[in-house]
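What follows is a single structure, written as structure tokens, with notes after it.
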Amino acid sequence: MGRIIVIGIGPGEQAHMTQRAKECLQEADSIVGYSGYVSLLGEEYTQKEILSTGMKREVLRCRLCFEKALEGKVVALICSGDAGVYGMASLVYELSSEYGKVDIEIVPGVTAAASGAAVLGAPINHDFCTISLSDLLTPWELIAKRLQTAAMGDFVITLYNPSSMKRADYLQKACDLLLEILPEDRACGYVKNIGREGTATWTGTLAELRAEQVDMFTTCFIGNSQSFLLDGKLITPRGYRT
């Protein structure tokens, strides 16, 4: 009997991948993943059987993993960031009852909230939440409720999937909702292409963030009432000094 290892590969750069993730990729007979994430692995694993698909084929990728595992193979299913944060870990478990006894291991990775925060300074050094602005799987009405509830709770808010070609104005819509509760000068920032070629950062206010153009490879950070900007870095104090 084979097994499935669901691996978070982090932001993409080899240096930001955990040692356990690297060991599991070497151990695997087959590597399954979205084609964009497979390309991040470079040439190191080209001797493996590579099975990739385009976007919106998550169920197919998981089923490929089970089929290969039932052939007795060790299968690595790769996800960017952490497999359990907007990743494939839950779907693998959801489908597992259809395939009988298959061993499953989840290997954590560095999610964008953590890797982006390290680039920006220390924006999530206190209580924070992550909210995806993608409404492909979650109704916008629920996303809007979560945004406003997080703002009322004075959480630092990390936004995943803030924009795309079909959702070009979603960051603006999110900022408008937040501005109903938060002040215009609330400290914010974002990072594009974290840990990859073309990494870029921005810091400013919530009102300024509303006018920024971002994409699916951007992670945005909205500070809490104590967050501040310092020499281009976004800092959220824990309160040690007091």
Check: Considering only strands (runs of 3 or more DSSP E) fully contained in segment 65-133, which possess at least 3 residues that are within 15 Å of the chain's Cα centre (by Cα)?
Finding: 128-132
Check: Among the residues of segment 189-206 satisfying the criterion of being touching a Pro at 6+ places or on another chain (Cβ under 9 Å) and among the hydrophobic types (A, V, I, L, M, F, W, C), which is surrounded by the fewest Cβ atoms within 10 Å (Cβ to Cβ)?
Finding: LEU206
Check: Taking segment 207-217 as the search range and keeping residues that are surrounded by fewer than 16 Cβ atoms within 10 Å (Cβ to Cβ) and charged (D, E, K, R), which one is nearest to SER134 (Cα to Cα)?
Finding: ASP215
Item checked: Qualifying positions in segment 171-197 - modelled with pLDDT of 95 or more and within 28 Å of GLY12 (Cα to Cα) -> LEU171, GLN172, ALA174, ALA187, CYS188, GLY189, TYR190, VAL191, LYS192
Check: Filtering segment 112-128 down to residues that are open to solvent by less than 30 Å² (accessible area, probe 1.4 Å) and touching a Phe, Trp or Tyr at 6+ places or on another chain (Cβ under 9 Å), which residue is nearest to ALA76 (Cα to Cα)?
Finding: ALA112
Note to self: Looking at ILE104, ILE181, ILE157, can you tell me which residue is of a type in the set (A, V, I, L, M, F, W, C), in contact (Cβ under 8 Å) with a residue 40 or more places away in the chain and open to solvent by 30 Å² or more (accessible area, probe 1.4 Å)?
What the structure shows: ILE104
Check: Do we have ILE194 as touching a helix residue (DSSP H, G or I) at 6+ places or on another chain (Cβ under 7 Å) and within 23 Å of SER115 (Cβ to Cβ) here?
Finding: yes
Next item on the list: Please indicate, with yes or no, whether at least one residue in segment 32-55 is within 22 Å of TYR99 (Cα to Cα) and in a loop (DSSP other than H, G, I, E, B).
Entry: no
Note to self: When you check GLU49 against the structure, is it more than 19 Å from the chain's Cα centre (by Cα), closer than 19 Å to VAL107 by Cα and not β-branched (Val, Ile, Thr), yes or no?
What the structure shows: no
Check: Considering segment 1-38 alone, what residues qualify as being closer than 23 Å to THR219 by Cβ and open to solvent by 30 Å² or more (accessible area, probe 1.4 Å)?
Finding: GLU13, GLN14, ALA15, HIS16, THR18, TYR34, SER35, TYR37
Check: Can you name the residue in segment 39-79 that is more than 15 Å from ILE5 (Cα to Cα), in contact (Cβ under 8 Å) with a residue 24 or more places away in the chain and among the hydrophobic types (A, V, I, L, M, F, W, C) and is also most open to solvent (accessible area, probe 1.4 Å) among such residues?
Finding: VAL59
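The values are calculated or read from the model by the stated rules, or taken from the named source; none is laboratory data. Since this is a predicted model, take the numbers as computed values, not measurements. Note: ideal-geometry Cβ built from the backbone for every residue, glycine included; neighbour counts use all protein chains shown. We work out accessible area using only protein heavy atoms, side chains counted, and drop any ligands, DNA or RNA first. Shrake-Rupley method; radii C 1.70, N 1.55, O 1.52, S 1.80 Å.
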